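K.L.:
Mind having a look at this structure? Questions to follow.
The values are calculated or read from the model by the stated rules, or taken from the named source; none is laboratory data. This one's a predicted model, so the numbers in the text were calculated from it and none came from an experiment. Reconstructed Cβ throughout: ideal geometry from the backbone, glycine too, with neighbour counts over all protein chains shown.
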Amino acid sequence: MDFSKELEDLITTVIREGASDVHFSVGRHPTLRVQGSLIPLTKKGVLTPDIVEGLVFAMLSKEQKEEFLAKKEFDLSFEHKGRARFRVNVFYQRGFIGCAMRLVPVKIRTVEELNLPTQIKDFTRKEQGFFLVVGPTGQGKTTTLAALIDMINHERAEHIVTIEDPIEYLFTADRSIIDQREVRSDTTDFHVGLRSVFRQDINVLMVGEMRDHETMAAAVTAAETGHLVFSTLHTNNAAQTIDRIIDSFPGGQQDQIRSQISSTLLGIFSQRLIPRVSGGLIPAYELLIANAAVNNLIREKRIHEINLVIDTSSGEGMISLNRSLMELLQKGEITMESAVGYSLNPQEFRLMAR
């Protein structure tokens, strides 16, 4: 089998079918994820270990292959002939190679094109502080972050540095200088890359994902020292995000990081992609804007009260997830079943819907 040709054929199918992901798993047909559902390509044969290995190795350089075989898992970005770009994770399962590829659109869409609230644009115009986009895996966090960074790129003359693993969206510099650094190929790891930014005369920093407390500490310090910092975290809502950050630190450091967050946090945007009645996906979201009340709650260890602040502060631009879901339901964009299924407080949502 010509694995490069077979890979090209599969990529063509991904683009044609509007899929977000493609999976290679031994004993299964190649499988697409389309509008949230997994769809096997039954016209393709069932994947054998040799075929999966061939498809994966067709994407890896010699150095990447060696690192993957040594570590048993590897993240990379893969661009195919300028037609498509993917974020790829290759791994072992039950002794066989597996692969998940996520399509990264070439065009960076705007806040309006993504159906996001215009309030989040305000955060791109700040001079310093810390803004987080959070949510489960596969809910559009990276796409939202790219829209915000590209907005800065077009509106402001700044030096923007991104540290990513791997690089997903490729930015074309406009008014800003944009340096995109990929972990392993451009910097050893997030920690080393973050330490370097303080010597790079930067204005805006984007950290692809905060995975540990060292990365979080460096990102918060960057915000504290006059930089505008954007990042993502795999959490469900604003309150959980703040707890997760603080709890990731040793007990003796938690008061310090709590104080730093209360003084640097600009906001937290949590999002979900909901199946749309008319087809496709549409975002529902929660937006926390860090005002004086929120900062006090963080300092006073009353983070559990943040949800109430969001619920009662719509006049300041804050948005609760249930209110966002309700607006989508009332517009006929989503079903009641989807709204209840994606709500973090279904009982409250049912009361709102009466």
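K.L.:
Taking the range 220-237, which residues are over 19 Å from the mean Cα position of the chain (by Cα) and either in a helix (DSSP H, G or I) or closer than 26 Å to GLY138 by Cβ (or both)? Explain how you work it out, then say what you get.
P.N.:
Filtering the range 220-237 for residues over 19 Å from the mean Cα position of the chain (by Cα) gives 221-227.
Once the filter is applied, which keeps residues that are over 19 Å from the mean Cα position of the chain (by Cα) and either in a helix (DSSP H, G or I) or closer than 26 Å to GLY138 by Cβ (or both), the range 220-237 yields THR221, ALA222, ALA223, GLU224.
K.L.:
While we're here: Looking at (1) on the phi > 0 side of the Ramachandran plot; (2) modelled with pLDDT of 95 or more, find the lone condition where GLY82 falls short.
P.N.:
Failing condition for GLY82: (2).
K.L.:
Just for the range 206-219: of the residues that are under 15 Å from the mean Cα position of the chain (by Cα) and closer than 23 Å to ASP150 by Cα, which one is surrounded by the fewest Cβ atoms within 10 Å (Cβ to Cβ)?
P.N.:
Looking at residues that are under 15 Å from the mean Cα position of the chain (by Cα) and closer than 23 Å to ASP150 by Cα, I get GLU209.
K.L.:
When you scan the range 307-314, do you find a residue that is surrounded by 20 or more Cβ atoms within 10 Å (Cβ to Cβ), under 14 Å from PRO117 (Cβ atoms) and either of a type outside the set (A, V, I, L, M, F, W, C) or at pLDDT 95 or above (or both), even just one?
P.N.:
Yes, because at least one residue in the range 307-314 is surrounded by 20 or more Cβ atoms within 10 Å (Cβ to Cβ), under 14 Å from PRO117 (Cβ atoms) and either of a type outside the set (A, V, I, L, M, F, W, C) or at pLDDT 95 or above (or both).
K.L.:
Any idea how many residues of the range 330-341 are surrounded by fewer than 21 Cβ atoms within 10 Å (Cβ to Cβ) and in a helix (DSSP H, G or I)?
P.N.:
Residues that pass the stated criteria total 6.
K.L.:
With respect to the numbered conditions (1) surrounded by 16 or more Cβ atoms within 10 Å (Cβ to Cβ); (2) in the same structural domain as LEU38 (by TED's automatic domain parsing), which one is the sole condition not fulfilled by LYS72?
P.N.:
Answer for LYS72: the failing condition is (1).
K.L.:
Another one. For the range 15-44, which residues satisfy the criterion of being among the β-branched types (Val, Ile, Thr) and either touching a helix residue (DSSP H, G or I) at 6+ places or on another chain (Cβ under 7 Å) or not in a strand (DSSP E or B) (or both)?
P.N.:
Those that are among the β-branched types (Val, Ile, Thr) and either touching a helix residue (DSSP H, G or I) at 6+ places or on another chain (Cβ under 7 Å) or not in a strand (DSSP E or B) (or both): ILE15, VAL22, VAL26, VAL34, THR42.
K.L.:
Hey, another quick one. Considering every residue within the range 42-58, establish whether at least one is surrounded by fewer than 15 Cβ atoms within 10 Å (Cβ to Cβ) and either assigned by TED's automatic domain parsing to the domain that holds HIS154 or closer than 30 Å to ASN153 by Cα (or both).
P.N.:
No: the range 42-58 contains no residue that is surrounded by fewer than 15 Cβ atoms within 10 Å (Cβ to Cβ) and either assigned by TED's automatic domain parsing to the domain that holds HIS154 or closer than 30 Å to ASN153 by Cα (or both).
K.L.:
Let me ask something else about it. How many of the residues in the range 238-272 are in contact with a Phe, Trp or Tyr (Cβ under 9 Å, 6 or more places away or on another chain) and either within 15 Å of ILE289 (Cα to Cα) or in a strand (DSSP E or B) (or both)?
P.N.:
Result for the range 238-272: 11.
K.L.:
Something else about it: GLY267 versus (1) touching a residue at least 60 places away in the same chain (Cβ under 8 Å); (2) touching a Lys or Arg at 6+ places or on another chain (Cβ under 6 Å): which is the lone unmet condition?
P.N.:
It is condition (2) that GLY267 fails.
K.L.:
Considering only residues that are among the hydroxyl-bearing types (Ser, Thr, Tyr) and surrounded by 13 or more Cβ atoms within 10 Å (Cβ to Cβ), look in the range 5-39 and name the one that is nearest to the chain's Cα centre (by Cα).
P.N.:
Across the range 5-39, the extreme among qualifying residues is SER20.
K.L.:
Determine, yes or no, whether PHE91 is in contact with a helix residue (DSSP H, G or I) (Cβ under 9 Å, 6 or more places away or on another chain), crowded, with 18+ Cβ neighbours inside 10 Å and at pLDDT 95 or above.
P.N.:
Judged against the criteria, PHE91 is not a match.
K.L.:
Let me ask something additional. Could you please let me know if PHE68 is farther than 30 Å from LEU325 by Cα, free of Cβ contacts under 8 Å to residues at least 40 places away in the same chain and within 19 Å of the chain's Cα centre (by Cα)?
P.N.:
No, not satisfied.
K.L.:
Also: Of the conditions (1) surrounded by 15 or more Cβ atoms within 10 Å (Cβ to Cβ); (2) out of contact with any helix residue (DSSP H, G or I) (no Cβ under 7 Å at 6 or more places or on another chain), PHE198 clears all except one; give me its number.
P.N.:
Unmet for PHE198, out of (1) surrounded by 15 or more Cβ atoms within 10 Å (Cβ to Cβ); (2) out of contact with any helix residue (DSSP H, G or I) (no Cβ under 7 Å at 6 or more places or on another chain): (1).
K.L.:
Anything in the range 194-253 that is touching an Asp or Glu at 6+ places or on another chain (Cβ under 7 Å) and at positive phi? List them, or say none.
P.N.:
none
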